Amino acid sequence: MAAAAEDVEFVDYDRDEEEEEDAMDEDDRGGGRGGRALPVPHIVSQGVMRSRGRLLGRSTSVLASNRDRFDSLADAGNPGHGPQRSIEGWILLVSGVKEDAEEDDLYNTFSDFGHVKDLHLNLGRRTGYAKGYALVEYESFEEAQTAIKAMNGTQLLTRTVYVDWAFSRGPIQKLTSTRPLHRRSRTPPRRLAALTC
Amino acid sequence: MATGGGAGEDVPGGGEFYLRYYVGHKGKFGHEFLEFEFRPDGKLRYANNSNYKNDTMIRKEVFVSPSVLREARRIIQESEIMKEDDNNWPEPDRVGRQELEIVMGNEHISFTTSKIGSLVDVQTSKDPEGLRIFYYLVQDLKCFVFSLINLHFKIKPIQS
């Protein structure tokens, strides 16, 4: 089992205060050096100007491991693009949901495009009102796609909602994102490369 | 964007983004924890280890769409956690530890504190306002991730 190795890796929190102060001073001076401490090292944070927190440079995460196997539904040999099917159907994310929306509102609206197999309308823990998103499950790709086409950018309870696939078959392609690159023309090329690797 | 939020880092899918949350402790049943992260390329990783009744570690991963990342960013942005500091939060202790690491726009936070049982712990801390933001944000993020994992894999993540 890997448990023993993890125990060793985890940070000892009984260190004295002074050591922590030192670590923080370093980060203040270093201006972006905190980025190096990320468990996922390829997130080169040259653009990070401000780093804060007692954990900087000290975190280790089991998630950073490339050795452990993480279960996935993806077709291993064929990552590609486009939506990823979930185990029992196709999941959509609805964003821009009004805070006083109720499950029935979502259910009724999205039932127009097929049988809604599952629906999560999560509430903000502080307010008790809808957090602003919903997750909707359809059995078939066609139902889900129809719902996206019909509902994306339309009004639901006087708010514009956006509807999109929740899961993808492969990584997000940064360079082909909708973001207009010319708006950030001062970005050094090396940083762009870092973001897309 | 509908949130009417901040400046350039609000560009959908634009800018750097990374999120990791950990909560766990070591005790009678070994190292028990829950951890998840969103990577900038959309990879969502989730791990949950409970040794109770010889449970094995659950490790799941899936790529989420840019829309899902954008929603995670929105939740973080609206919480204003990036303005906080963990200097006066309770230190991690034997009962447990939480870690919250976020890179967004040009800021990187890497916070740690003890487990928070309830709002009473928040009120009696040295930084109730900051800790309250953390307390609610963590619950909202867990809720989001649990729904994603639950719907995608049809497993029920354990509240830890």
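The values are calculated or read from the model by the stated rules, or taken from the named source; none is laboratory data. Bear in mind that the values here come from a model prediction, so they are computed numbers and not experimental data. All Cβ positions, glycine included, derive from the backbone under ideal geometry; neighbour counts span all protein chains shown.
Taken over the range B:57-86, the criterion of being more than 30 Å from B:P128 (Cβ to Cβ), among the hydrophobic types (A, V, I, L, M, F, W, C) and surrounded by 19 or more Cβ atoms within 10 Å (Cβ to Cβ) is satisfied by B:V62, B:F63, B:V64, B:V68, B:L69. Condition check for B:E71 on (1) at the interface with another protein chain (Cβ under 7 Å from one of its Cβ atoms); (2) within 20 Å of B:Q139 (Cα to Cα); (3) at pLDDT below 95: one failure, at (3). The set of residues in the range B:104-120 that are in contact (Cβ under 8 Å) with a residue 60 or more places away in the chain and closer than 12 Å to A:R50 by Cβ comprises B:M104, B:G105, B:N106.
Say we look at the range B:87-111 and pick out the residues that are farther than 16 Å from B:S125 by Cβ and out of contact with any strand residue (DSSP E or B) (no Cβ under 6 Å at 6 or more places or on another chain); which of these is nearest to the other protein chains (Cβ to nearest Cβ)?
Narrowing the range B:87-111 to residues farther than 16 Å from B:S125 by Cβ: B:94, B:99, B:101-110.
Now restrict to residues that are out of contact with any strand residue (DSSP E or B) (no Cβ under 6 Å at 6 or more places or on another chain): B:94, B:105-106.
Values: B:R94: 9, B:G105: 8, B:N106: 4 Å.
The selected residue is B:N106.
Listed residues A:G124, A:G114, A:G80, A:G89; which is in contact with a Gly (Cβ under 7 Å, 6 or more places away or on another chain) and either surrounded by 13 or more Cβ atoms within 10 Å (Cβ to Cβ) or within 11 Å of another protein chain (Cβ to nearest Cβ) (or both)? From the options A:G124, A:G114, A:G80, A:G89, the qualifying one is A:G80. Scanning the range B:22-64 for residues that are over 24 Å from B:N106 (Cβ atoms) and in a loop (DSSP other than H, G, I, E, B) turns up B:K28, B:F29, B:S50, B:N51, B:D55, B:T56, B:M57.
Looking across the range B:11-32, the residues that are at the interface with chain A (Cβ under 8 Å from one of its Cβ atoms) and within 19 Å of B:F144 (Cα to Cα) come down to B:P12, B:G13, B:Y18, B:R20, B:Y22.
Please note which helices (runs of 4 or more DSSP H) are completely contained in the range B:65-160 and include at least 3 residues that are under 27 Å from A:I148 (Cβ atoms) and out of contact with any Pro (no Cβ under 6 Å at 6 or more places or on another chain).
Numbers: elements: B:66-79, B:119-123, B:128-153.
Filter on the range B:65-160 gives B:66-79, B:128-153.
Taking each residue of the range B:136-148 that is over 20 Å from A:R85 (Cβ atoms) and looking for partners that are at pLDDT 95 or above and assigned to a helix (DSSP H, G or I) with beta-carbon atoms closer than 6 Å, six or more apart or interchain, yields B:L137/B:S79; B:L137/B:I81; B:D140/B:I75.
Looking only at the range A:92-111, residues that are surrounded by fewer than 19 Cβ atoms within 10 Å (Cβ to Cβ) and among the polar types (S, T, N, Q) come to 2 in all. Quick one: would you say B:L119 is of a type in the set (A, V, I, L, M, F, W, C) and over 15 Å from the mean Cα position of the chain (by Cα)? Spelling it out, B:L119 is indeed of a type in the set (A, V, I, L, M, F, W, C) and over 15 Å from the mean Cα position of the chain (by Cα).
When the range B:37-62 is filtered for residues that are of a type in the set (A, V, I, L, M, F, W, C), under 18 Å from B:K154 (Cβ atoms) and more than 16 Å from the chain's Cα centre (by Cα), the ones remaining, listed by number, are B:I58, B:V62.
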